[in-house]
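Participant: Structure in structure tokens, see below.
Just so it is clear, none of the values below were taken in a lab; they were calculated from the coordinates. These numbers were taken from a predicted model, which means no experiment stands behind them. Virtual Cβ from ideal backbone geometry, glycine too; neighbours counted across all protein chains shown.
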Amino acid sequence: MLICPVEPHLAGTSHIGSTRCAPDVPYTGPLLNGNPTFDAFNDVPAGGCDGQSDASFRVPLGFQLFPALILLGAMFFMPYSPRWLVEVGRDEEAKATLARIRSAPSGSAEVIAEYTDIKAEVLIERQIRVEQARGKGGLAGYLRPYAELVSSRSNFHRLAIGSLVM
């Protein structure tokens with residue numbers, strides 16, 4: 001059995017400083033378990049709520065920023081994608097990146113086989129795109145790659161997971 005070190009109604013950062021909008025103003029709302037509840041029309045003083053501390057939103061914001069800052073710092077040490085390098089015609093850099101990722105010399109059979117697979121896939125996809133784009137110019141041709149992101153359930157799941165992770 002998991003035992004929470006604090007009472008459940010006191011957990012979270014929304015209670016830093018106070019649990020009330022204005023500690024000096026008594027609640028006047030309908031009764032719940034014999035106690036009056038908060039009424040937003042009558043229980044907020046003229047100057048607004050002043051019971052909570054700024055830390056009640058700054059602490060969660062700091063926790064959310066921490067992984068983003070780690071990702072930002074780590075980005076500078078990430079190599080370019082070998083697939084992207086092949087797509088833009090930087091084949092030697094793609095081989096060097098594959099060699100670095102695989103911890104193998106750039107002339108090894110493992111690196112050459114993977115590079116060949118990537119190159120073949122890029123060429124096939126390029127040919128498919130050319131055939132699909134025939135007769136579709138202008139806005140429709142421009143938007144086609146973006147429509148493919150949500151064209152199937154699996155593509156949409158990949159897009160959603162990649163977007164929502166951070």
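Participant: Give me the distance between the Cα centres of the range 78-101 and the range 142-166, rounded to whole Å.
Facilitator: Cα centroid to Cα centroid, the span is 24 Å.
Participant: If we restrict to alpha carbons, what Rg and Dmax does the chain come to, in Å?
Facilitator: Every Cα atom of the chain included, Rg and Dmax give 28.3, 79 Å.
Participant: Tilt of helix 153-164 relative to the longest C-alpha principal axis of the chain, in degrees (0 to 90, nearest 10)?
Facilitator: The angle comes out at about 60 degrees.
Participant: Okay, next question. Calculate the spin-label point distance for A104 paired with I128, positioning each point 7 Å from the Cα along the beta-carbon direction, and give it in nanometres.
Facilitator: 2.6
Participant: Please report the net charge: other residues with Cβ closer than 15 Å to the Cβ of D43, K and R +1, D and E -1. Don't skip to the answer; put the middle values down first.
Facilitator: Details: positive: R20; negative: D24, D39, D50.
With Lys, Arg at +1 and Asp, Glu at -1, the net is -2.
Participant: Give me the number: length gained by fully extending E93 to S53, i.e. 0.36 nm times residue separation minus the C-alpha to C-alpha distance, one decimal in nm. Intermediate results must be reported in sequence, preceding the final value.
Facilitator: Details: separation 40, 0.36 × 40 = 14.40 nm, distance 5.27 nm.
Stretched fully, the E93-S53 segment lengthens by 9.1 nm.
Participant: Next up: Once you have the Cα-Cα distance between R83 and L65, take 0.36 nm times their residue separation minus that, and quote the gain in nm to one decimal. Before the final figure, lay out the partial values.
Facilitator: Values: separation 18, 0.36 × 18 = 6.48 nm, distance 3.03 nm.
Answer, rounded to one decimal: 3.5 nm.
Participant: Using Cα atoms only, what is the angle between the long axis of helix 138-147 and the major principal axis of the chain, expressed in degrees (0 to 90) to the nearest 10?
Facilitator: Around 70 degrees separate the two axes.
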